[in-house]
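Enquirer: Below are the structure tokens for one structure; questions will follow.
Any read-out appearing in this document is the output of simple, stated calculations on the displayed coordinates, not a laboratory observation. No experiment lies behind these values; they were computed from the predicted model shown. Heads up, the Cβs are rebuilt from the backbone with ideal geometry, glycines too, and the neighbour counts pull from every protein chain shown.
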């Protein structure tokens, strides 16, 4: 029976401390949540600006539901592309400082669509070893050659680019690495792409809304612009809603409309989400205080944990990784925090390298100073008695 093999695989995951467990959130996303019937102070969410349950976004979605209904009903290229989608694409392009933008249902689908539409057999994609899984899967789907370089090693990347005989070359990187919180050196990467005639795909899932002037993302943060850049950002993290978009040169966007299978062959997202995102963009641009306060919380947490038992990786972003080491140890620390009413996820291989299991602390502008102090005190106490 095939199920016996599946059960063996599941047992092995359990023995290795790698079995994942879903937990049920009861109510809206936030920093104080009820999970499986118990209240927690949460440091799990990517809702970095605290917008996921923001009243203005809820009202915008409600009003749009009354106007557009709750489903798009078809793909964008059939009859599912609404006025709300169209307006949001224009707003996103302007916000990101790009000529055009195209909505996708998820960041995963955006990366799959972009890479498989732009490269194929005979081409090469140069990918940072710590890139998100969606970028790696996208290359496999495209049938281009996947060339991985050590994390942020520009010298190694240049050697690989110089030696490549590929017809088309694409460098793909996370803007903010989701498990380490460090930034890709976009200006230096762009310079290499210009030198070796390559595209640069920047996945700004964790920078959009947080980095740059008015939260406009990693390109604004570094002050870079180029038609070589393919910019992707997700809309379910700092933007607080759902979806993703790709922005860049008109020719590239039109190619995606014609060839990106994850855009062509899927139902459009509900228009009510596009309306909520329009409201979100306005708040992101206008409320600089959210980002300033978030930055202050990041500094506070890092100050409190710098002398602790476990290594806090260098990060100036809301992603604060605390490396524990072994899988079981990370799970134990996470569980002991839960016993204290604090929810911080344990991240284990293959998401992170073996021996570097960690707590991924996610900060939000919705946290209070007292929330951060409570977490820091709990971790300090656990470190002394672990």
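Enquirer: Mark the label point 7 Å from the Cα of residue 21 along Cα→Cβ and return the residues of segment 345-386 whose backbone N is within less than 12 Å of it.
Expert: Once the point is set 7 Å along Cα→Cβ of residue 21, 346 turn out to lie under 12 Å by backbone N, inside segment 345-386.
Enquirer: Could you check what % of the DSSP bridge pairs in the chain are antiparallel, to the nearest 5?
Expert: 55 percent
Enquirer: Then there is this: If you rank 298, 264, 230 by fewest surrounding Cβ atoms within 10 Å, what's the result?
Expert: Numbers: 298 20, 264 16, 230 25.
Arranged by neighbour count, lowest to highest, 298, 264, 230 become 264, 298, 230.
Enquirer: Computed from these coordinates, which is volume of the Cα convex hull per residue in Å³: (1) 144; (2) 159; (3) 171?
Expert: The value computed from this structure is option (2).
Enquirer: Right, something else. What are the extents of the Cα atoms of segment 4-64 along their three principal axes, in Å, largest first?
Expert: Principal extents (largest minus smallest coordinate, Cα): 50, 27, 22 Å.
Enquirer: From zero outward in steps of 5 Å, how is the percent of C-alpha pairs of segment 222-370 spread across the bins?
Expert: 2, 7, 12, 14, 15, 14, 14, 12, 7, 3, 1
Enquirer: If you don't mind, another one. Sort 180, 153 so the one with the fewest other Cβ atoms within 10 Å of its own Cβ comes first.
Expert: 153, 180
Enquirer: Quick one: grab the alpha carbon gyration tensor of segment 202-257, order the square roots of its eigenvalues as a ≥ b ≥ c, and give me rounded if a/c is under 1.5, else prolate or oblate depending on whether a/b is larger than b/c.
Expert: Oblate, since a/c reaches 1.5 and b/c is not below a/b.
Enquirer: Please report the antiparallel percentage of the DSSP beta bridges confined to segment 68-207, to the nearest 5.
Expert: Numbers: 1 of 15 bridges.
Here the antiparallel bridges make up roughly 5 percent for segment 68-207.
Enquirer: Over segment 81-176, what per residue volume does the convex hull of the Cα atoms give, in whole Å³? Intermediate values should be presented prior to the final figure.
Expert: Working: hull volume 11.1 nm³, N = 96.
Hull volume over Cα atoms, normalised by residue count, gives 115 Å³.
Enquirer: Please sort 339-345, 244-250 by packing, taking for each peptide the average over its residues of neighbouring beta carbons within 10 angstrom, highest first.
Expert: Per-residue mean Cβ counts within 10 Å order the peptides as 244-250, 339-345.
Enquirer: Give me 10, 189 sorted ascending by neighbouring Cβ count inside 10 Å, so fewest comes first.
Expert: 10, 189
Enquirer: Within segment 103-137, whose backbone N sits under 18 Å from a point 7 Å along Cα→Cβ of residue 151?
Expert: What the label zone holds, given the 18 Å backbone N cut-off, is 127-136.
Enquirer: Using 0.36 nm times the number of residues separating residue 265 and residue 28, minus their current alpha carbon distance, what extension gain do you get?
Expert: 82.2 nm
Enquirer: Pop the C-beta distance of residue 39 and residue 381 into the FRET formula with R0 = 22 Å and round what comes out to the nearest 0.05.
Expert: Taking R0 as 22 Å, the efficiency between residue 39 and residue 381 is 0.65.
Enquirer: Mind jotting down the distance between the C-alpha centroids of segment 45-83 and segment 161-231, whole Å?
Expert: Each part reduced to its Cα centre gives a spacing of 29 Å.
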